[in-house]
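I have placed the structure first, in the form of structure tokens, so that the comments after it can refer back to it.
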Amino acid sequence: MQEELDNVVCECNKKEDEIQDLKSQVKNFEEDCVRQQRTINLQQSQTEKYKTLFEEANKKCVGLQQQLSSVERELENKRRLQKQAATSQSATEVRLNRALEEAEKYKLELSKLRQNNKMHIEAAKMLSFTEEEFMKALEWGNS
């Protein structure tokens, strides 16, 4: 009977040791649970923070895309205006070159007319001298 009692006591001691081990494990699990809950809470707050940052970045991205579209439209308009200005300038240069060619023609014609005019004036002077001489000759002959 003593042996049985010793066995029961031994079993009881083992069970108490097991209970203590289990209590220790439960305590460790509870501490782990608290740590993991803190980690989860921290991660959730970080997740919320990153979600907010992501939303802000998305809004900024949308705004920048709109600005980019606006700038691209403006650039296209500027290119179109530049092309129109270049076409207009080209046409103006063609007209200017034609006008310069015409001016050169008129200048050449004017120069020719001046030469002809000079020749006519000289011819007229010659004729006037000849006429005067003719008149003198007539007067000399009449005297």
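The values are calculated or read from the model by the stated rules, or taken from the named source; none is laboratory data. Values in this document were obtained by computation on a predicted structure and should not be read as measured data. Please note: Cβ atoms are built from the backbone with ideal geometry, for glycine as well, and neighbour counts cover all protein chains shown.
Got a sec? Which of 97, 142 is of a type in the set (S, T, N, Q) and exposed (fewer than 10 other Cβ atoms within 10 Å of the Cβ)?
Unique residue meeting the criteria: 142.
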Only residues in segment 86-112 that are in a helix (DSSP H, G or I) count as the first member; pair them with residues that are at pLDDT below 95 and surrounded by fewer than 10 Cβ atoms within 10 Å (Cβ to Cβ), Cβ under 8 angstrom, at least 6 apart or cross-chain, and list the lot. none
